[in-house]
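The values are calculated or read from the model by the stated rules, or taken from the named source; none is laboratory data. Computed from a prediction, not measured in an experiment: that's the story for all the values here. Every residue, glycine as well, gets a Cβ built from its backbone with ideal geometry; the counts of neighbours run over all protein chains shown. Surface areas here come from the heavy atoms of the whole protein model, side chains and all, with no ligands, DNA or RNA. Shrake-Rupley method; radii C 1.70, N 1.55, O 1.52, S 1.80 Å.
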Amino acid sequence: MAIILRWDMSSRKAGQVVKKRVFIGLLLASLFLLTAVVFFAWWFFTQQTLYLNRLFLVILMALAFILFVLLAIGLLALIWSLWSLKEVPPLENMMRGVTKLLFPVALWLGKWLGVAEEKIKNSYIQVSNQLVKTQIKTKAYQRIMILAPHCLQWVQCPHKITIRVENCKRCGQCVIMDLLALAEETGTCLKVVTGGTLARKMIKEYRPDAVVAIACERDLVSGMQDVDGLPIIGIVNERPEGPCANTKVDLRKVREAIGELQT
């Protein structure tokens, strides 16, 4: 617990981007917690004398052992991949599985330890981004989509850009003008969406090879977990006026993400 709390404190100094080790530490702690629960169940049933209880115990322990081994292999592969910056193709599905399966436990455990939910999700995004960057090092994508939230648009703007982003008049009141210019410069497709449903629709229609997604931590994590097999680099937006209004994004990070996918 003390180690995780120290990690969290160090992440506060880093500003909005939270260290990957916060999420990795919580994944490890979650695995140990699940192991403790299984051993408790084993101890409980060993106190029973009924044959059915003992049979249930054997089945439970066998399943728990298999699950534990798979999770441990996936987690170790994930840590090695992040540390060495090398992909592990045979274990990619297992690595994705361990992050998905243990994520709810890590989230619950982190909140119980006093780590803010937003920081845990931010750390998850950094882990996911690193894995994507590791896996695409030798690939170059042509059809790249920039998915931006409508809260980047100036809140008093009268023009509807979620259906057609070209409706933007490029007045400079918000960052949409800059994103349009960046999309034109890099040959990427910019779409502005109101939420996850429209984002999934845009992906289904455009069928990109990869996505640079801009959103808050909650929407990014939800989107990354919803879309399997599509490389997504997530960039957390900045919210100087609070959530969902006049948000901003670091264009340098968007440009870097596009560069990672194109080279």
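Fully extending the segment from Val37 to Phe65, taken as 0.36 nm per residue of separation minus the present Cα-Cα distance, adds 8.8 nm. For the stretch 150-263, the dipole from Cβ point charges (+1 on Lys and Arg, -1 on Asp and Glu) about the Cα centre works out to 400 debye, to the nearest 20. At a 1.4 Å probe, what is the % contribution of carbon and sulfur to the accessible area of the chain? After summing per-atom areas, the C and S share lands at 62 percent.
Working ranking of peptides 200-207, 108-115 by packing, defined as the average number of other Cβ atoms within 10 Å per residue, highest first, is 108-115, 200-207. Over the residues of the chain, the helix contribution to mean residue ellipticity at 222 nm works out to -20000 deg cm²/dmol, using -39500 (n - 2.57) for each DSSP H run of at least 4. Dipole magnitude for the chain: about 120 debye, using +1 per Lys or Arg Cβ and -1 per Asp or Glu Cβ, origin at the Cα centre. Can you pull the Rg over Rh of the chain, Cα-only, Kirkwood? The Rg/Rh ratio comes out at 1.06. Solvent-accessible surface of the stretch 110-179, taken per residue with a 1.4 Å probe and all protein chains present: 50 Å². Peptides 125-132, 234-241, 31-38, ordered by how many other C-beta atoms sit within 10 Å of their residues on average, highest first, read 125-132, 234-241, 31-38. Of the listed pairs Lys20/Lys204; Lys111/Lys191; Lys86/Lys139; Lys111/Lys133, which have alpha-carbon separations greater than 23 Å here? Lys20/Lys204; Lys111/Lys191; Lys111/Lys133, as the Cα separations exceed 23 Å there. Packing here is the average count of other Cβ atoms within 10 Å per residue, and on that basis the peptides 81-92, 218-229, highest first, run 218-229, 81-92. Taking the inverse of the mean 1/r over every pair of distinct Cα atoms in the stretch 219-263 gives a Kirkwood hydrodynamic radius of 12.1 Å. Between Glu117 and Ala245, the simple label model (points 7 Å from Cα in the Cβ direction) yields a spacing of 2.2 nm. Please list the helices of the chain that count as membrane-span-like by this rule: a mean Kyte-Doolittle hydropathy of at least 0.0 together with Cα atoms stretching 24 Å or more along the helix axis, each helix being a complete DSSP H run. Flagged H segments are 20-46, 51-84, 92-112. Sorted from greatest to least, the principal axis extents spanned by the alpha carbons of the stretch 156-263 come out as 37, 29, 26 Å.
Summary of the geometry: the stretch 163-217 and the stretch 230-263, compared by the centres of their Cα atoms, lie 11 Å apart.
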